[in-house]
1. Got a sec to turn the phi values of the stretch 153-166 into Karplus ³J(HN,Hα) couplings, 6.51 cos²θ - 1.76 cosθ + 1.60 with θ = phi - 60°, whole Hz, x for Gly and Pro?
2. In square nanometres and to one decimal, what's the mean projected area of the convex hull around the Cα atoms of the stretch 144-201?
3. In whole Å, how far is the Cα centre of the stretch 45-60 from that of the stretch 168-195?
4. Using unit Cβ charges (K, R positive; D, E negative) and no other charged atoms, how large, in debye to the nearest 20, is the dipole of the stretch 93-196 about its Cα centre?
5. Restricting to Cα pairs below 8 Å that are 6+ residues apart, what does the relative contact order work out to for the stretch 97-189? Please round to a whole percent.
6. Mind grabbing the accessible area of Ile198 for me, 1.4 Å probe, Å², rounded to tens?
Amino acid sequence: MSFLSRRRILTFISSLTILSIDNAFGATGPSIKCRVVGQTTIFQGKRYTCIRSGSGKKAVLIWNKGVKVPLPDTPSPVATPSSSASVTASPKPIQNYGPIDIELGNSSEVKTGDTVIFSGRDAYGKLKSYAITRTNLGLIALDTVCTHEGCSVEFVKKKLACPCHLAIFDPLSGAAESGPTNVPLKKYQVREVDGKIILTD
């Protein structure tokens, strides 16, 4: 290989080296061309804006010095419970509904030996029925929900009868006398105050 050829090869390699060093260290602006005044681009963490430099025919479009772009806020790390201390949401406390007094009707509505079904709202605000029977000793109050499948009993022929499956209950004791259940009707405390029937549920 001639001396001239070697020299050309070395000159070419030197030019490439200088060019790559210049690109690595000397480049300070965006690599894309600035074409329109006001054009912006982000390059290496800075926002550059295309501006006009010079005046008249010598004016050229160049990138300004650039403004550092603030990094987006980093979300704070979310604490995760360790295996030794697990965090669980405490359940909402269940409100404790105590017994309430329900005014069902007038004492005069129930004659001795009669059973009358009254409606009233229980401690949960639900409309509920009660069978009130008057004896020589006072009032007896029973739930009207059949203990078989929850149908409402009715007063028929001096008995509390369930129309769904023909269970029959005694209106004085609440005992199941016939039908598909032997569980008695629930009893309640009942009293009379100032001519009113007051049941505690």
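1. With the stated coefficients, the stretch 153-166 comes to 7, 10, 8, 9, 6, 6, 10, 9, 10, 8, x, 6, 10, 6 Hz.
2. Numbers: hull surface 17.2 nm².
Result: 4.3 nm².
3. A separation of 98 Å, based on Cα centres.
4. On the way: 12 positive and 12 negative charges, 16 e Å.
My answer is approximately 80 debye.
5. Once normalised by length, the contact order is 19 percent.
6. Its heavy atoms expose roughly 20 Å² to the probe.
The values are calculated or read from the model by the stated rules, or taken from the named source; none is laboratory data. Keep in mind the model is a prediction, meaning the values are calculated, not measured. As a convention, Cβ positions derive from the backbone with ideal geometry for all residues, glycine included, and neighbour counts pool all protein chains shown. In case anyone asks, the SASA skips ligands and DNA or RNA and just uses the protein heavy atoms, side chains included. Shrake-Rupley method; radii C 1.70, N 1.55, O 1.52, S 1.80 Å.
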